[in-house]
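J.: Attaching a single structure in structure tokens format; questions to follow.
The values are calculated or read from the model by the stated rules, or taken from the named source; none is laboratory data. Keep in mind the model is a prediction, meaning the values are calculated, not measured. Cβ atoms come from the backbone with ideal geometry, glycine included; neighbour counts cover every protein chain shown. Ligands, DNA and RNA are stripped out before the accessible areas are found, and what is left, the full protein with its side chains, is counted by its heavy atoms. Shrake-Rupley method; radii C 1.70, N 1.55, O 1.52, S 1.80 Å.
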Amino acid sequence: MVLGVFGLIGAFFISQTQVKAVSLPRKCSVQFEIDGYEDTANADIVIDLYKVADAIEDPVYDTYSYETIGAFQTLKDKLADLSTITNQDYQAIAQEAAKLVQEQKAGTPAITTSLDARAPIESGLYLALPHSQNMEDYFRTIKTPQGETLVTYANSVLHTYNFQPMLVSLPGKDAMNGEISSANPGAWNDDLTITLKVEESPRLGSLEIVKSLNQFDGNGNATFVFSIAAYKDATRQELVYSNVESIVFDGTGTNSVQLLNCIPVGSYVVIEEVYSGASYEIVGASTQGTTIVSAEEIASVSFENTSNNTDHHGSSVTNRFTYNDMGMNKPEQDFGGQ
């Protein structure tokens, strides 16, 4: 039986027709898998299992109850009558149990197991927390339609994977009509295989545009405008990010602008100087390309300009685009130059 914050998959109901009590404690095993996300193989995912409660067999009926242990005894009353607990209740219990772990009140995991590996474990109720191995803090809070939710996460080079805290009860019973319940007929299943529910999103990297001006005409600020287009890869078939930025000078020297944590890792970025003002000209190429190789490193490109000695004046408008779940928002305008 698997209980998770996405909903109660397994529920306890005392069956009046089953009179042979389950024998507890007993040796069980559990295996976790992920379906449909190939890059999770590169995220070094492990699952911490914290024991929340012992499974206590019913003396008459073929079911069991929970006896909370350690720091999780604060959940005792909420797990007292399993027949009345709703899906929403189990979601809240899993969140509370995860917060105890986050606050370092729950001690160490009963066991840590790898993805797709079968781990021996004793019967009971466990909190499952998937994350990348060697993470000291694998919790984060995300916003959902129901409000803020505590999740764990794992990282590959290209993606972040969010996992909801999950309650796992051992032993369980095989599904019947798509539902896993201790009231289902048949033998107890001591060896569970659980498919984790996961949300995938791209990891985001950063870009720095460095601009050098080796001659200044002295007729007011000089504004240089750059278009930034990021593509899924170097074939430039799928646009994944687009923006416009400017760099302003009040004299010779080197200035830069950074676009932080906004460009998908692995993407190929084309940066073009699209405006240099009436008094300046580009030295070298006006277009450069680079790849965002990781979320930890800042990719960098450099441009150089000089005065063309024409003593003309110009101005610019920079549109800064932002993104949300619905796509690209209307640009905010930034007026620069003279």
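J.: When residues of region 47-70 are filtered for being surrounded by fewer than 20 Cβ atoms within 10 Å (Cβ to Cβ), among the small types (Gly, Ala, Ser) and touching a strand residue (DSSP E or B) at 6+ places or on another chain (Cβ under 7 Å), how many remain?
T.: 1
J.: In addition: Determine whether region 110-123 contains at least one residue that is surrounded by 16 or more Cβ atoms within 10 Å (Cβ to Cβ) and charged (D, E, K, R).
T.: yes
J.: How about region 229-256: which of its residues are part of a loop (DSSP other than H, G, I, E, B) and among the hydrophobic types (A, V, I, L, M, F, W, C)?
T.: Taking region 229-256 as the starting set, the residues that turn out to be part of a loop (DSSP other than H, G, I, E, B) are 232-238, 250-252.
Passing the criteria: only 234.
J.: Here's another thing I want to ask about it. Kindly indicate the residue of region 185-228 that is part of a strand (DSSP E or B) and small (Gly, Ala, Ser) and also surrounded by the most Cβ atoms within 10 Å (Cβ to Cβ) among those meeting that condition.
T.: Taking region 185-228 as the starting set, the residues that turn out to be part of a strand (DSSP E or B) are 188-189, 191-195, 198-202, 204-213, 222-228.
Retained after the next criterion (residues that are small (Gly, Ala, Ser)): 201, 205-206, 212, 222, 227.
Details: 201: 12, 205: 25, 206: 19, 212: 16, 222: 28, 227: 16.
Residue satisfying both the conditions and the ranking: 222.
J.: Give me the strands (runs of 3 or more DSSP E) completely within region 142-183, filtered to those with at least 3 residues that are modelled with pLDDT of 90 or more and polar (S, T, N, Q), ordered by residue number. Walk me through how you get there before you give the answer.
T.: On the way: elements: 147-155, 159-163, 166-170.
It comes to 147-155.
J.: Follow-up question, since we're still on this one. Name the single residue, out of those in region 241-256 being among the aliphatic types (A, V, I, L, M) and in contact with a Lys or Arg (Cβ under 8 Å, 6 or more places away or on another chain), that is most open to solvent (accessible area, probe 1.4 Å). Please lay out each step first, then the result.
T.: First, the residues of region 241-256 that are among the aliphatic types (A, V, I, L, M): 244, 247-248.
Narrowing the set further to residues that are in contact with a Lys or Arg (Cβ under 8 Å, 6 or more places away or on another chain) leaves 244, 247.
On the way: 244: 32, 247: 5 Å².
If we take residues in region 241-256 being among the aliphatic types (A, V, I, L, M) and in contact with a Lys or Arg (Cβ under 8 Å, 6 or more places away or on another chain), then 244 is most open to solvent (accessible area, probe 1.4 Å).
Conditions tested, residue by residue: (1) surrounded by 23 or more Cβ atoms within 10 Å (Cβ to Cβ); (2) β-branched (Val, Ile, Thr).
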| residue | (1), (2) |
| --- | --- |
| 148 | no, no |
| 160 | no, yes |
| 168 | yes, yes |
| 172 | yes, no |
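J.: Pairs under 6 Å by beta carbon, first residue within 30 Å of residue 173 (Cβ to Cβ) in region 194-217, partner part of a strand (DSSP E or B) and open to solvent by 50 Å² or more (accessible area, probe 1.4 Å), six or more apart or different chains?
T.: 195/33
One line per residue, one yes/no per condition, for (1) at pLDDT below 95; (2) not basic (Lys, Arg):
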position: 7; (1), (2): yes, yes
position: 40; (1), (2): no, yes
position: 63; (1), (2): yes, yes
position: 76; (1), (2): no, no
position: 85; (1), (2): yes, yes
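J.: Could you grab me the full set of residues in region 235-289 that are more than 28 Å from residue 201 (Cα to Cα) and either without any contact (Cβ under 8 Å) to a residue 40 or more places away in the chain or out of contact with any strand residue (DSSP E or B) (no Cβ under 9 Å at 6 or more places or on another chain) (or both)? Lay out the reasoning, then the answer.
T.: In the first step, residues of region 235-289 are kept if they are more than 28 Å from residue 201 (Cα to Cα); the result is 246-256, 273-287.
Within region 235-289, 247, 249, 250, 251, 252, 278, 281, 282, 284, 285, 286, 287 qualify.
J.: Let me ask something else. Output the qualifying pairs, or none if there are none: Cβ atoms under 8 angstrom, residues six or more apart or on different chains, first residue in region 110-127 and among the hydroxyl-bearing types (Ser, Thr, Tyr), second residue open to solvent by 80 Å² or more (accessible area, probe 1.4 Å).
T.: These pairs meet every condition: 123/25; 123/27.
J.: If I filter region 71-79 for residues that are more than 20 Å from residue 173 (Cβ to Cβ), under 22 Å from the mean Cα position of the chain (by Cα) and crowded, with 18+ Cβ neighbours inside 10 Å, do I get at least one hit? It would help to see each step written out before you state the result.
T.: Step one: list which residues in region 71-79 are more than 20 Å from residue 173 (Cβ to Cβ), which gives 71-78.
Those still in the list that are under 22 Å from the mean Cα position of the chain (by Cα) too: none.
No, the conditions are met nowhere in region 71-79.
J.: Being assigned to a helix (DSSP H, G or I) and either in contact with a Gly (Cβ under 7 Å, 6 or more places away or on another chain) or modelled with pLDDT of 95 or more (or both) narrows it down to one residue among 92, 128, 97; which is it? Walk me through how you get there before you give the answer.
T.: Values: 92 fails: either in contact with a Gly (Cβ under 7 Å, 6 or more places away or on another chain) or modelled with pLDDT of 95 or more (or both); 128 fails: assigned to a helix (DSSP H, G or I).
Just a single option satisfies the conditions, and that option is 97.
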